[in-house]
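The values are calculated or read from the model by the stated rules, or taken from the named source; none is laboratory data. Remember, predicted model here, so these are calculated numbers, not experimental data. Every residue, glycine as well, gets a Cβ built from its backbone with ideal geometry; the counts of neighbours run over all protein chains shown.
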Amino acid sequence: MNLLLSEIRHNPLLWLLVFVPVVFVCQKVAPEAHTLLFLLSVAAIIPLAALLSHATESVAAKTGDAIGGLLNATLGNLTELVIALTALRAGQIMLVKASIAGAIVTNSLFMLGASFFLGGLKHHTQEYNRVGARLHAGLLFLATIALLVPSAISELDATSVSRFTQQLSLGLSILLIAAYALGMLFSLKTHREFFASANVETGSETPWPMGLALTTLAGITVVVALVSEIFVESVQEAALKLGMTQAFVGFIVVGLVGGAAEMASAISGARKNRLDLSVGIALGSASQIALFVAPVLVLLSYFIGPAPMDLQFWPGAVVMVLIASITAALVTNSGRSAWFVGFLVLLVYVIFAMTLYLLPPKTQ
Amino acid sequence: MNLLLSEIRHNPLLWLLVFVPVVFVCQKVAPEAHTLLFLLSVAAIIPLAALLSHATESVAAKTGDAIGGLLNATLGNLTELVIALTALRAGQIMLVKASIAGAIVTNSLFMLGASFFLGGLKHHTQEYNRVGARLHAGLLFLATIALLVPSAISELDATSVSRFTQQLSLGLSILLIAAYALGMLFSLKTHREFFASANVETGSETPWPMGLALTTLAGITVVVALVSEIFVESVQEAALKLGMTQAFVGFIVVGLVGGAAEMASAISGARKNRLDLSVGIALGSASQIALFVAPVLVLLSYFIGPAPMDLQFWPGAVVMVLIASITAALVTNSGRSAWFVGFLVLLVYVIFAMTLYLLPPKTQ
Amino acid sequence: MNLLLSEIRHNPLLWLLVFVPVVFVCQKVAPEAHTLLFLLSVAAIIPLAALLSHATESVAAKTGDAIGGLLNATLGNLTELVIALTALRAGQIMLVKASIAGAIVTNSLFMLGASFFLGGLKHHTQEYNRVGARLHAGLLFLATIALLVPSAISELDATSVSRFTQQLSLGLSILLIAAYALGMLFSLKTHREFFASANVETGSETPWPMGLALTTLAGITVVVALVSEIFVESVQEAALKLGMTQAFVGFIVVGLVGGAAEMASAISGARKNRLDLSVGIALGSASQIALFVAPVLVLLSYFIGPAPMDLQFWPGAVVMVLIASITAALVTNSGRSAWFVGFLVLLVYVIFAMTLYLLPPKTQ
């Protein structure tokens, strides 16, 4: 417990934990203050995501390489998964889809761009392992293609036969999860040397003892789920008042909030001139959402939630995710970075955000 | 003749030749058994394609570098060409277009992915010549762009004025064939050192004497044409019964059947840790279809067949071909491969196939 | 003045200056000879663009690195800017948009392809700095994405709400100009060593004295503006008579005419086996149009011209610009070129031109 407190004392991000009780109190007192509840729940999820990420890494560090890597890979996007599950149960399919697409884009554009930009402000030119970065970018590209192509094709061929979409999404989800399992075999077993640097990440902070880590993991997950519920309940009304479309909230807000913890790691790596680490976190996390989070949500939607979810994304989302993964491939191609490259990647993200913010809400 | 027989004895693929007489007998006996005829004709074309490919290489080996290379390049996709011509004569334009697009995708995704995957199962990491692979991928990208852009543009601009499409396709075909001729000048004359490794392919098997090779070439082409006729006649009814759309048959079945021989070479190269060879065959063959087979079919459609064919592909095909060529460019970019990269490339192909299989047939 | 005359004597391009007085006389004598006026104005703009370019470089050479680079970067596409402004004032928004998209495509396909092709005819294989070329291509890709994504997204989401487009274009223009300013900080100040080779360009010709350069700069700009007016007035009628759509004129004709001077530099660099220079000019100039010329035109459209312009491009233009920037990225990836690569890049450009030429004019 002391360890937990000392962690909180040293990490300013965790001071936001104060919003966790505040949001619960506020919900009791003023359940109709949607905008306030929305903002508070966003503020509360950020430090919870950071704790969750640290707990996962601590468990991983204790259990050894293979199982640890597995845990890290599976729970790395736990926050996004819990938020999406809550939205799924509430039947907000559009929010879930937007948050899947948004998490991929946020990881591969905002996280990568911010790392390049902030790293580049400190270091004149940053070199990193070209071959590793290209492998990561190649995997991300293939993962997003696999996720998106059916949307693209059925969209373009103007077929909206629901039964077709449903079948295709189910088949696709099973293929993606199989690919994810093989990907773990690849990165943790047969070719772990390619992914070596990404594991160093755990070493940079003091791991917690097993008991604390497991308790934190379980406890925080429950708290995240509870806060997510408030978030999902309030988001629609709040978005309306703040002039934000649901696409913007799912894509940008959930993406940034859910990925806050990894962003902190990626940027801190870049400031220490270890861009390999940043690229690995950003692109690895984005791949994981395409190969694991998205298909898991489809499969679970058959058990929880009012209606099954498919993997049919709206055309704008398809374009943004594709551009994000091609951009990631092109900018990591040279193995060299400078602040302006990061700035331009951030610019693409900002333009996406602006477009989504200004886009008039659709009836669909 | 003894040589031919010994070849057949040593190559298990050629045992499928037994289906050639079977398919002809079956057509006489049961001309209405469409599904059976379809399956038999597919089984018969595979070994014929392999023989055709060996005969072409033998002629090429005897005639020396320049003319040999020319022959190899022109007749390398003879099977695809003959099948497409038969379909063209029968007025099955949709099947022809699907088989053009499918052959490009099958070569650049399935053949490349299978080489990487099966090569990677044997060898931990495979390195190959990055610069050569990039040149091949660049040429393939430019060839597919050239083939597809008109479809993309007129599709997006929602113009389906038939006269425009017809003129554009004619002009385009002439440009593509000119590019193909210059490409041969480039790869066989001015810059043959870049393409050196691909020629070694012929050396790996014992070439036949000229007489046998030429007779086989002529004879087998006729047999392929006859079997193709049965294939084209039966495909529509069979597809209906097997629950396959015409797009699926053209794209996936014809693509896999027509390319079987090259696939065998590419994969065997990968198993011998000669990925340069595999990449050269896969991407070279895909480029050839875009630059040579497709425009030749357009030009010939004015002389044979009930109606001239244009190069207007349906949007889903455009997307799949574009993705295939960008994927080929990205995965060959690092000059390094491992089994999971191959698996993911195959996955994209399988997802394409699944999408086409599930896609409800269109009225168009 | 003697210097100017000797310059004209030695540069055959400048002999076209004779068309400048001819076009003015012709306009007085036969103001209704639209086709003639169109052709004469095109012939007159080419040498003016060359003079403008030399004058800019001379001022830049005298004022020293920082201000000189700034001038060079800002006035490098002055001809395109003046033509577009004239069209804007005449309310020909479609022509302006086509010329923006066309200038990007012409620079990154035609200029790059012609350099590779003509350089490759003289030198067997040309090597150039891969890292620099990738940085340029990455910047161009990001710049075009930034410019295009809003069109792509709102197009695909089938929203043509005019207020949304207007707001988005304004916001985007401000972001792009900010990016452009930071890009100059980057290339002229913090990381000028990456862009070093591009500055050598000015050294290759004798700079003029300051007075002559400034006078020429001011004088020629006025003349270009006057000739542009004749060009814009005659283009619509002439295009109709010559069977060209407005899209073709803006995209291809204005693009080639406005970029003639840079093309001469890029190709001459390639013939001297200095492809770094050619790649820098071609891709740098294309980026500049996306990041500077396009947003400046949007902002100025609020002050001059009958109606504000937005950055909504028609879908065909979006596809062509995207393909152009991806093509530039792929072909410069290997750092090695040969004539056939250049030929294929030119082929893509020719196919674009052919498509636009044959495309039936739209009512929109």
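What to note about this one:
One line per residue, one yes/no per condition, for (1) modelled with pLDDT of 80 or more; (2) in contact with a helix residue (DSSP H, G or I) (Cβ under 7 Å, 6 or more places away or on another chain):
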| position | (1), (2) |
| --- | --- |
| B:G120 | yes, yes |
| B:G132 | no, yes |
| B:L139 | yes, yes |
| B:I177 | yes, yes |
| B:A181 | yes, no |
| B:E201 | no, yes |
| B:S204 | no, no |
| B:M210 | yes, yes |
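- Restricted to the stretch B:1-117, the set of helices (runs of 4 or more DSSP H) holding at least 2 residues that are modelled with pLDDT of 90 or more and in contact with a Ser or Thr (Cβ under 9 Å, 6 or more places away or on another chain) comprises B:19-29, B:34-63, B:78-89, B:93-105.
- Checked against the criterion of being part of a helix (DSSP H, G or I), more than 9 Å from chain C (Cβ to nearest Cβ), at pLDDT 80 or above and under 21 Å from the mean Cα position of the chain (by Cα), the stretch B:152-168 has no qualifying residue.
- Taking residues in the stretch B:169-185 that are within 7 Å of chain C (Cβ to nearest Cβ), and partners anywhere that are buried (at least 22 other Cβ atoms within 10 Å of the Cβ) and hydroxyl-bearing (S, T, Y), the pairs with Cβ atoms closer than 8 Å and at least 6 places apart or on different chains are B:G183/B:S287.
- Looking only at the stretch C:241-250, and only at residues there that are assigned to a helix (DSSP H, G or I) and modelled with pLDDT of 85 or more, the one that is farthest from C:A87 (Cα to Cα): C:K241
- Residue count for the stretch B:310-363, restricted to those that are buried (at least 21 other Cβ atoms within 10 Å of the Cβ), of a type outside the set (A, V, I, L, M, F, W, C) and outside any loop (DSSP other than H, G, I, E, B): 7.
Conditions tested, residue by residue: (1) in a helix (DSSP H, G or I); (2) under 18 Å from the mean Cα position of the chain (by Cα); (3) modelled with pLDDT of 85 or more; (4) of a type in the set (S, T, N, Q).
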position: A:P207; (1), (2), (3), (4): no, no, no, no
position: A:A213; (1), (2), (3), (4): yes, no, no, no
position: A:T216; (1), (2), (3), (4): yes, no, no, yes
position: A:T221; (1), (2), (3), (4): yes, yes, yes, yes
position: A:V224; (1), (2), (3), (4): yes, yes, yes, no
position: A:S234; (1), (2), (3), (4): yes, no, yes, yes
position: A:A238; (1), (2), (3), (4): yes, no, yes, no
position: A:L256; (1), (2), (3), (4): yes, yes, yes, no
position: A:S265; (1), (2), (3), (4): yes, yes, no, yes
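- Top-ranked residue of the stretch A:309-364 - restricted to ones that are facing chain C (nearest Cβ under 10 Å) and charged (D, E, K, R), ranked as farthest from A:V253 (Cα to Cα): A:R336
- Residues being within 21 Å of A:G316 (Cα to Cα), touching a Leu at 6+ places or on another chain (Cβ under 9 Å) and of a type outside the set (G, A, S) - total across the stretch A:233-264: 9
- If the condition is being away from chain A (no Cβ under 14 Å) and small (G, A, S), then the stretch C:109-133 contributes C:G113, C:A114, C:S115, C:G119, C:G120.
- Screening the candidates C:F24, C:F116 for the property of being in contact (Cβ under 8 Å) with a residue 60 or more places away in the chain, more than 27 Å from C:T355 (Cβ to Cβ) and of a type in the set (F, W, Y) yields one hit, C:F24.
- Selection status of B:I289, modelled with pLDDT of 90 or more and surrounded by 23 or more Cβ atoms within 10 Å (Cβ to Cβ): yes
- Residue within the stretch C:287-309 that is more than 20 Å from C:A101 (Cα to Cα), in contact (Cβ under 8 Å) with a residue 24 or more places away in the chain and assigned to a helix (DSSP H, G or I) present: no
- Residue in the stretch A:17-35 that is crowded, with 21+ Cβ neighbours inside 10 Å and among the charged types (D, E, K, R) present: no
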